[in-house]
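Worksheet: one structure, shown below.
The values are calculated or read from the model by the stated rules, or taken from the named source; none is laboratory data. Keep in mind that what you see is a predicted model, and the values were worked out from it rather than measured. Note: ideal-geometry Cβ built from the backbone for every residue, glycine included; neighbour counts use all protein chains shown.
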């Protein structure tokens, strides 16, 4: 087996790649409006209750129509998953990994097509969509190799006269509840990490991006994954969410989303239901309030570029987005001016036309972000943006607030949109204190040319992924295992060498001779 290597990103400056992407966009648009079923075992079910997935960049376009599950169908899916688990748990780890490798090969061949679905349904530009697909491929390749490693002999201290062996065995039936902002990468990574370890799952996609998930489920069926390993059950979270989490046969929940939803799942999962014989496991990634710190010795041009990329990439709709800029007082004005000037150059428009800035995901997100912009008007000095941008979609101008106090709401609350707050620090140590002044702890970035400051930050900046002299977004599978502290989740590291252990339990068998 070849060593794992990250999937390269597509160079859209190459005319051949541009033509391929344009062709994929046209192909996908021709499929708009199709109705997608639930998938429970071998059955594909078209229900009377359906939900439209609308292009956030062009509200006149219906990307697809998704059938919705109710509690009865969710219970049926759990029963199918339980039955399938009886056999799937005993499939050889190499064989389970083989399904992931085959899926990665097919996805690689259809890379532009999957990216096109992301452009339309999630509102990502070409580069962001391409990176989403590349990360999904990486998860498939990486987790497959990890399962082979963990499925082999595990080191134990030898004892004369005994044969001792440690095995990693799966947990059971799990719930996969992914987010909409990485609708292929995170959704696929969460799903395949659970199934390659021998579990069976119910996949409940994000309500905003179900069609991409449906396409992934189609792909897994195409490559021959046995029916019932992945059961596809989109539905209204208010109707089926608690039921799924509280079901006595649910063994674990893998969730990526908001802090409030994650805490609710944690609370509901902690209470044992009648007939439940285990403590449910929760793997959760719940967001962040990330920051870029710039000290007086930094390369200010590079720092400004990093702030703009961190704050406004995919309209700030990343849990790793740099929504705070904490700048040393000696360079504050210069960095702020550079960021404002670079942000002015960002063009806003349709993702399919590859504009740098596109829409936010839906009206709910739009309203929330605009409400925080209104709050920001009273907490800082508006330097740029602050309004709705033109277009038949949920477009918001990239927004910059200056002179924001460290305890302001827009410095503390996760906004999840194209808004960045600038805060002035009196010293480097003060900047680090401001950075840590949050209930989250996901990502952070520090720009400095001072080695003592780098080492101080290594010890004192409290977050799961800390980057020096680069932006705070863009983690790569295997290179930057991803996950944070505090209210950012359960400290699991997606794309890391210990991640699959969250979906297994260790069994030791000892034989005396």
Subject >> Condition met for residue 390 (in the same structural domain as residue 326 (by TED's automatic domain parsing), within 29 Å of residue 62 (Cβ to Cβ) and surrounded by fewer than 17 Cβ atoms within 10 Å (Cβ to Cβ)) >> reply: yes
Original post:
For the subset of the stretch 263-281 comprising residues that are surrounded by fewer than 21 Cβ atoms within 10 Å (Cβ to Cβ) and either in contact with a strand residue (DSSP E or B) (Cβ under 8 Å, 6 or more places away or on another chain) or not assigned by TED's automatic domain parsing to the domain that holds residue 180 (or both), which member is nearest to residue 176 (Cα to Cα)?
Top reply: 281
Original post:
Only one of these conditions is not met by residue 435: (1) touching a residue at least 40 places away in the same chain (Cβ under 8 Å); (2) part of a helix (DSSP H, G or I); (3) out of contact with any strand residue (DSSP E or B) (no Cβ under 9 Å at 6 or more places or on another chain). Which number is it?
Top reply: (3)
Original post:
Exactly one of (1) closer than 30 Å to residue 28 by Cα; (2) out of contact with any strand residue (DSSP E or B) (no Cβ under 9 Å at 6 or more places or on another chain) is unmet by residue 394. Its number?
Top reply: (2)
Original post:
Considering only strands (runs of 3 or more DSSP E) fully contained in the stretch 11-92, which possess at least 3 residues that are more than 29 Å from residue 354 (Cβ to Cβ)?
Top reply: 38-40, 43-45
Subject >> Selection within the stretch 183-205 - within 18 Å of residue 416 (Cβ to Cβ) and in contact (Cβ under 8 Å) with a residue 60 or more places away in the chain >> reply: 183, 186
Original post:
Given the conditions (1) in contact with a helix residue (DSSP H, G or I) (Cβ under 6 Å, 6 or more places away or on another chain); (2) over 15 Å from residue 70 (Cβ atoms), and given that residue 224 satisfies all but one, which numbered condition is not satisfied?
Top reply: (1)
**OP:** Answer with yes or no whether residue 132 is within 18 Å of residue 208 (Cβ to Cβ), in a helix (DSSP H, G or I) and modelled with pLDDT of 95 or more.
**Re:** yes
**OP:** Kindly check whether there is at least one residue in the stretch 497-513 that is on the phi > 0 side of the Ramachandran plot and either part of a strand (DSSP E or B) or crowded, with 18+ Cβ neighbours inside 10 Å (or both).
**Re:** no
**OP:** Considering each residue of the stretch 351-381, count those that are closer than 16 Å to residue 392 by Cβ and surrounded by 22 or more Cβ atoms within 10 Å (Cβ to Cβ), and give that number.
**Re:** 7
Original post:
Which of the residues belonging to the stretch 55-78 are without any contact (Cβ under 8 Å) to a residue 24 or more places away in the chain and in contact with a strand residue (DSSP E or B) (Cβ under 7 Å, 6 or more places away or on another chain)?
Top reply: none
Subject >> Members of the stretch 455-467 that are without any contact (Cβ under 8 Å) to a residue 40 or more places away in the chain, surrounded by 15 or more Cβ atoms within 10 Å (Cβ to Cβ) and either farther than 19 Å from residue 283 by Cα or not assigned by TED's automatic domain parsing to the domain that holds residue 420 (or both) >> reply: 456, 462, 466, 467
**OP:** Identify, by number, the condition in (1) in contact with a strand residue (DSSP E or B) (Cβ under 9 Å, 6 or more places away or on another chain); (2) closer than 22 Å to residue 235 by Cβ; (3) touching a residue at least 60 places away in the same chain (Cβ under 8 Å) that residue 52 doesn't meet.
**Re:** (3)
**OP:** Sort out for me the strands (runs of 3 or more DSSP E) sitting completely within the stretch 152-239 that have 2 or more residues that are crowded, with 24+ Cβ neighbours inside 10 Å.
**Re:** 173-177, 200-203, 230-232
Original post:
Which one of the conditions (1) buried (at least 24 other Cβ atoms within 10 Å of the Cβ); (2) within 23 Å of residue 52 (Cα to Cα) does residue 291 fail to meet, given that it meets all the rest?
Top reply: (2)
Original post:
So which of 325, 311, 298 is touching a strand residue (DSSP E or B) at 6+ places or on another chain (Cβ under 9 Å), assigned by TED's automatic domain parsing to the domain that holds residue 428, assigned to a loop (DSSP other than H, G, I, E, B) and surrounded by 19 or more Cβ atoms within 10 Å (Cβ to Cβ)?
Top reply: 298
Original post:
Are there any pairs with C-beta distances below 6 angstrom linking a residue in the stretch 8-29 that is under 18 Å from residue 61 (Cα atoms) to a residue that is part of a helix (DSSP H, G or I), with the two at least 6 apart or on different chains, and if so which?
Top reply: 24/112; 24/113; 24/116; 25/116; 25/352; 28/116; 28/117
**OP:** Go through the stretch 45-64 and count every residue that is exposed (fewer than 14 other Cβ atoms within 10 Å of the Cβ), within 20 Å of residue 204 (Cα to Cα) and more than 26 Å from the chain's Cα centre (by Cα).
**Re:** 3
Original post:
Would the stretch 441-462 turn up any residue that is over 24 Å from residue 376 (Cα atoms), part of a loop (DSSP other than H, G, I, E, B) and touching a strand residue (DSSP E or B) at 6+ places or on another chain (Cβ under 7 Å)?
Top reply: yes
Original post:
Does any residue of the stretch 415-422 turn out to be surrounded by 19 or more Cβ atoms within 10 Å (Cβ to Cβ), part of a loop (DSSP other than H, G, I, E, B), at pLDDT 95 or above and at positive phi?
Top reply: yes
Original post:
Can you find even one residue in the stretch 159-169 that is at pLDDT 95 or above, within 27 Å of the chain's Cα centre (by Cα), outside the structural domain of residue 348 (by TED's automatic domain parsing) and over 22 Å from residue 351 (Cα atoms)?
Top reply: yes
